[in-house]
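Structure first, then comments.
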Amino acid sequence: MLVQFDTFELGLTLANLSASDLKYKLGKDPITGKTRGKISDITTPSHRLNHRFPGFDCSGFIRYVLYNGTNGRLDLTGGTHNQKTALANKKFKHFNGSGARTIKNEYKSEAAKLDDMVRIGFRAAKFDQKADGTRERSRVGHVWLIINGKTYESTTKGGRNKGPKSFNWNIRENEVSEFFVLGRVPGFESKRL
């Protein structure tokens with residue numbers, strides 16, 4: 001399956017978010033249970049988010065960007081695990097390191113392409129076994145977009161208040177656990193962001 005992207009809307013949304021003061025806010029507050037990092041009205045124009053919303057976690061950022069960049073055709077709710085499961089269920093082209101190629105080699109081959117294809121990468125959460133036999137999460141999952149050799153993500157990496165950012169594709173090559181091809185964004189130029 002491939003979804004059609006609106007080049008203008010995707011570019012505008014990413015440019016506005018990258019230039020914003022929005023910060024990274026992780027999912028749910030562990031004390032209050034209040035949801036942070038997710039926007040309730042994903043139709044809010046990106047240029048108005050600074051005044052109405054403090055920030056995104058990675059999956060909230062992805063949901064917002066994909067919804068607006070596809071004019072509502074792709075809405076991935078929930079956290080990274082739910083988003084990954086939804087894409088697999090919708091039969092998007094999936095890379096997970098099966099067969100002779102490792103996921104790292106597949107990612108290196110695909111993510112550097114300058115082909116106007118939107119890809120989405122996932123890092124799995126890591127759980128450690130505690131002495132009492134219970135499991136504890138030691139690393140959160142993460143999700144990011146890759147377009148023409150650049151990542152687009154909300155992250156704690158980097159400076160400038162952290163939050164929506166773009167990096168070269170290879171910043172995530174040692175973290176990727178699987179990724180999907182979502183669709184074409186004709187005429188997209190990552191250098192403008």
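The values are calculated or read from the model by the stated rules, or taken from the named source; none is laboratory data. Since we're looking at a predicted model, the values are computed, not measured. Positions of Cβ are generated from backbone atoms using ideal geometry, with glycine treated the same way; all protein chains shown enter the neighbour counts.
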**OP:** Filter the stretch 58-86 down to residues that are more than 20 Å from ARG123 (Cβ to Cβ), touching a helix residue (DSSP H, G or I) at 6+ places or on another chain (Cβ under 7 Å) and outside any helix (DSSP H, G or I), then give me how many there are.
**Re:** 3
Original post:
Wholly within the stretch 87-156, which strands (runs of 3 or more DSSP E) include no fewer than the required count, namely at least 1 residues that are exposed (fewer than 12 other Cβ atoms within 10 Å of the Cβ) and without any contact (Cβ under 8 Å) to a residue 24 or more places away in the chain?
Top reply: 126-129, 135-139
Original post:
Which is under 20 Å from GLY69 (Cα atoms), at pLDDT 90 or above and not hydroxyl-bearing (Ser, Thr, Tyr), of GLY141, GLY163, GLY187?
Top reply: GLY187
Original post:
Any idea which of (1) surrounded by 13 or more Cβ atoms within 10 Å (Cβ to Cβ); (2) at pLDDT 90 or above is the one PHE56 doesn't satisfy?
Top reply: (2)
